[in-house]
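Structure record follows, encoded as structure tokens.
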Amino acid sequence: MAFVAQALGTHAGIVHLLDLSGKRLKSFKPHFASIIDISLDTNAEFVATASIDGQVVVHSITTTESYVFDMKRPMRTVALEPNFGKRSTRAIVHGGLAGNLVLREKGWLGHKETLLHSGEGPIWQVRWRGRLIAWANDLGVKIYDHVSQTRINFIDRPSDSPRADLFKCTLHWQDDSTLLISWADFIKVARIRERPRSTSSSSSANLPPFVVDITAVFQLDCMIAGIVPHPSPNHTISSPDTLGFNQDVSPKKTTEKRQSPLTSFLIIAYSPPETFTDEMTEDRERQARKQAERPELRIISRAGEELAADAITITDFQKWGCNDYVLVEGIGGDDPAGFDPESRSYVVLSPRDLVRVRPRDKRDHVAWLVERERYEEALEEVEKIEADALLKKTDGVKALAQEGEAEKHVLSAVEIGQKYIRHLVNEGEFVKAAKLTPKVCGHDSKRWEDWIFAFAERDQLQASIHFCICLAIIPYVPTESPRLSHLVYEMVLAHFLARDRQTLLQTIREWPKEIYNIGTVIIAIRSELDKASSQPKSMTTPSSNTILMECLAELYTANRQPGKALPFYLRLRRPNVLELIREHNLFTDVQDQVLLLVEFDHELMEKRKAEGVGAGQSEAINLLVNNIHSIPIVRVVQQLQTKPYYLFLYLDALVERDPHLVSGFADLQVKLYAEYATTRLIDFLRASNYYNLETAYEACNERDLVPEMVFLLGRMGNNKKALHLIIERLGDVQRAIEFAKEQSDDDLWEDLLKYSETRPTFIRGLLENVGVEISPIRLIRRIKNGLEIPGLKEALIKILQDFHLQIELLEGCQHILEGDCAELSGRLSRGQAGGVVLTGHTECPICDRPIQQSGQGFSILFLCRHVVHASCISTSMGGSEGAEFMKGLEPFLYEGLGGRKGISGNVALESMIRARIGRGCPVCRKAVEGRRT
């Protein structure tokens, strides 16, 4: 069921339940006569009615629960306890013309009746808030504390007041501690607070827990038919929340402070008709009832000043008196205190009308500005409203807004913006209109497209898009939310391609690539680039072509075609091109771009050198070398032929990895090493066997590389010519000696000695560096008499010292050898002369049976410490040789062993065995043969 905002009782005894828009939700008839008062519980689940038929009825809106109390006398007022639907007591307080104020609470045996007050005339109105109950009779207003069951205070009726039955008393609880009282033309504000603690407990034992302060009393120039608080948002006061009135609130919460608005008062001002003193006259006009004036809604400040007034349109207002009007609050939203002006509304009830009243808001001002075509001001105002979240309503207030739309059109910022843009376009202010499009179009893709195409049709696309792009397109032109048609984005890119290519590049980088057709844009840019390439250079600018290439590189990369983007990255000298190749495995695509790649990498190395940063190895060369399976060596060499230095770097890197990879380019490498790395040529000549010796010699001869020529002549077998070059061109004695040693040719040594006969420096060099290859005496004998050789004495002394050192070394080695031999001989003798321990478990190494096993007979001990059976030795000999060996042992076996034959017998036996076993211990022999195999 919809939210019940108000209940209406009729003279026929029918109750109508309405929402805030006035729509009837439900009706029922609890009475047979006029309903005088109605009370809704906090959650609008129960409605209580009091009628002049003498009955008080409590009816559930959502269930069948209901209570009927017949008081037998006309009832004037009724009030439900707070949170009636959630209370088990189902308490209700009512009063009427009998003058009794009765409290009814539900118990085990039905409702218990408690008389709170009687004997002071009719009860005109009762209101219940929290723990406090306030009622009015002919004498004044009384306040009762339901928790402590004590009467707190009495507020008397203003003196000289008119009749209470003609000008009713209105009670309204502003909050749990503030009661508004209007009676006739007086307004009183009663403030309930806790009674201060007294030092004497006996003096305050019987006193009520609260006291009442009258904080405001003022008299108006009209009668008051109803009163409710009206917020003044610009002022706040600090007030206690509940003062402990709610029994379910903890003591901590009851002492909390909050800021609530300092309210004014909204009243129904009723001006009674003029009366005549001679009403007893027979004049029919004077005897007739006087017509009342139109009632007004007035806002009264807390000082009693009138802040605003507005007449109310009421049907037949001339007929109604002060008691015929009722003013109630209709609060919506989440503000339980009703302090939000935009969420408040009021209902004025008369016998014929139900009028909803709400304060004028900022939207009324906006509508007024729109009517006068002051769109800019209107747009600013409505943006402030939406920014302050004043348009967010609850379901109940939304219903009010729906009803209000029938009265006036509620404009939004978008609608006002649309009108403003249309107005600016008609006035020719296209740039200003374009600036508004992001704000107005928002997330509506169709609205965006309509306005962009509208500018295009008026030939003002430049004005619209120029602003959005040049002044930061991203915050204005939507690319994600919402996403427009790809035709719109392609139209924008085409505009930049024709007029602003730098912005085109920026847009391509910033926009998501999925919002437009990349292929279409690539075709358009390639067409422009081809057109620029075909034109003379004087008609094109390099920077324009560079921008187009950058655009194509970005688009190809975004379109997952990095291979097509690679040539443009190389021409643009992008530092990340090598990472791009590795990341996307573009080694096959770089096959035809080798020269561009190496040149670009060399430029980067030179730049790093200029900046003082170590250049290191060429990354491009390393990439080519590490991926020869995808980039063939032959294709790289072909492309680098025009740049020999780059070719040298590439082939040299290949040699370091595997010399066999470049075996077919050895002759080319000789020339490149001779040109760019002369110091490394000799190492290459020595390491490689793939180059042509004659070609290499010619290359070295052209550049006069003598050491390399010497090496090549030596490899070709022309040692004499090589030695001649060393002597004649280099004059390096040490090198000549080294060369002669390498060749190991006695004729070459003879040529060297013959050449040195007339050159003292060579003689001295030979003397100082001569070794085992040539005898020093042979050299000394060749020295001619009278030949002056500088340093000869020192050289001879050095030769003698060297020979003396050699002799000492030989003698020392001989001494060490003799000592080692003596020590080892003694160790061998001791080992052979020592005994061998045999146990019953000692096994023969040949047959693996115990040595002392019966039946084996004779055993033989070798000097190597192996003990074997004699029969096992004969078996290992095999054939006749083994039989003959055993036959020779028979005399000794039968005559006994050891001491019976004496020493001579043992020596004879040993000699015979040694003679028969010429190859020694069979176990050791077998082990040696096994190692050999």
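Would you be able to say whether some residue in segment 858-873 is among the charged types (D, E, K, R) and modelled with pLDDT under 80?
Yes; the residues of segment 858-873 include at least one that is among the charged types (D, E, K, R) and modelled with pLDDT under 80.
Look through R560, R582 and report the one residue that is open to solvent by 80 Å² or more (accessible area, probe 1.4 Å), assigned to a helix (DSSP H, G or I) and within 29 Å of I522 (Cα to Cα).
None of the other options fit; the residue is R582.
Against the condition open to solvent by less than 40 Å² (accessible area, probe 1.4 Å), part of a helix (DSSP H, G or I) and either within 24 Å of L555 (Cβ to Cβ) or at pLDDT 80 or above (or both), how does V425 come out, does it pass?
Judged against the criteria, V425 is not a match.
I'd like the full set of residues that are more than 37 Å from the chain's Cα centre (by Cα) and under 21 Å from A565 (Cα atoms), limited to segment 603-620.
Within segment 603-620, just E603 meets the criteria.
Can F167 be described as surrounded by 15 or more Cβ atoms within 10 Å (Cβ to Cβ), outside the structural domain of W320 (by the TED database) and not hydroxyl-bearing (S, T, Y)?
Answer is yes for this residue.
Taking segment 125-147, which residues are more than 60 Å from the chain's Cα centre (by Cα), open to solvent by 50 Å² or more (accessible area, probe 1.4 Å) and not aliphatic (A, V, I, L, M)?
Hit for segment 125-147 is D138, nothing else.
Could you please let me know if D160 is surrounded by 13 or more Cβ atoms within 10 Å (Cβ to Cβ) and part of a loop (DSSP other than H, G, I, E, B)?
Spelling it out, it is not the case that D160 is surrounded by 13 or more Cβ atoms within 10 Å (Cβ to Cβ) and part of a loop (DSSP other than H, G, I, E, B).
Considering each residue of segment 129-155, count those that are free of Cβ contacts under 8 Å to residues at least 60 places away in the same chain and assigned to a strand (DSSP E or B), and give that number.
13
Find all pairs meeting these conditions: Cβ atoms under 7 angstrom apart; at least six residues apart or on different chains; first residue within segment 331-360 and at pLDDT below 60; second residue in a strand (DSSP E or B) and open to solvent by 40 Å² or more (accessible area, probe 1.4 Å).
G338/E329; G338/I331
Please determine whether any residue of segment 4-18 is of a type in the set (S, T, N, Q), outside any strand (DSSP E or B), farther than 22 Å from C169 by Cβ and open to solvent by less than 50 Å² (accessible area, probe 1.4 Å).
yes
Could you please give the count of residues in segment 366-376 that are part of a helix (DSSP H, G or I) and open to solvent by 80 Å² or more (accessible area, probe 1.4 Å)?
So the count comes out to 3.
Does segment 29-37 contain any residue that is closer than 25 Å to G130 by Cα and assigned to a strand (DSSP E or B)?
yes
For segment 563-579, which positions are within 23 Å of R608 (Cβ to Cβ), open to solvent by 20 Å² or more (accessible area, probe 1.4 Å) and assigned to a helix (DSSP H, G or I)?
Across segment 563-579, the qualifying residues are R571, E579.
Tally up the residues in segment 59-79 that are within 60 Å of the chain's Cα centre (by Cα) and buried (at least 24 other Cβ atoms within 10 Å of the Cβ), please.
Residues that pass the stated criteria total 1.
Which of the residues belonging to segment 85-104 are within 16 Å of H117 (Cα to Cα) and open to solvent by 10 Å² or more (accessible area, probe 1.4 Å)?
Across segment 85-104, the qualifying residues are L97, A98, N100, R104.
Mind telling me which of the residues L471, L487 ends up being among the aliphatic types (A, V, I, L, M), open to solvent by 30 Å² or more (accessible area, probe 1.4 Å), at pLDDT below 75 and more than 28 Å from the chain's Cα centre (by Cα)?
L471
Among the residues of segment 502-512 satisfying the criterion of being assigned to a helix (DSSP H, G or I) and exposed (fewer than 14 other Cβ atoms within 10 Å of the Cβ), which is farthest from the chain's Cα centre (by Cα)?
Only one residue fits best here, namely Q502.
With (1) modelled with pLDDT of 85 or more; (2) acidic (D, E); (3) crowded, with 17+ Cβ neighbours inside 10 Å as the list, and E306 as the residue in question, which single condition is left unmet?
(3)
Go through segment 55-80 residue by residue and tally those that are in contact with a strand residue (DSSP E or B) (Cβ under 6 Å, 6 or more places away or on another chain) and either in a loop (DSSP other than H, G, I, E, B) or farther than 13 Å from V126 by Cα (or both).
13
Just to be sure, is T546 within 23 Å of E599 (Cα to Cα), in a helix (DSSP H, G or I) and open to solvent by 40 Å² or more (accessible area, probe 1.4 Å)?
yes
Report, by residue number, each residue of segment 486-501 that is part of a helix (DSSP H, G or I) and closer than 12 Å to L548 by Cα.
Within segment 486-501, F496, L497, A498, R501 qualify.
The values are calculated or read from the model by the stated rules, or taken from the named source; none is laboratory data. Remember, it's a predicted structure, so these values are computed and weren't measured experimentally. Note that each Cβ is placed from the backbone with ideal geometry, even for glycine, and that neighbours are counted across all protein chains shown. These accessible areas exclude ligands, DNA and RNA; they are computed on the full protein's heavy atoms, side chains included. Shrake-Rupley method; radii C 1.70, N 1.55, O 1.52, S 1.80 Å.
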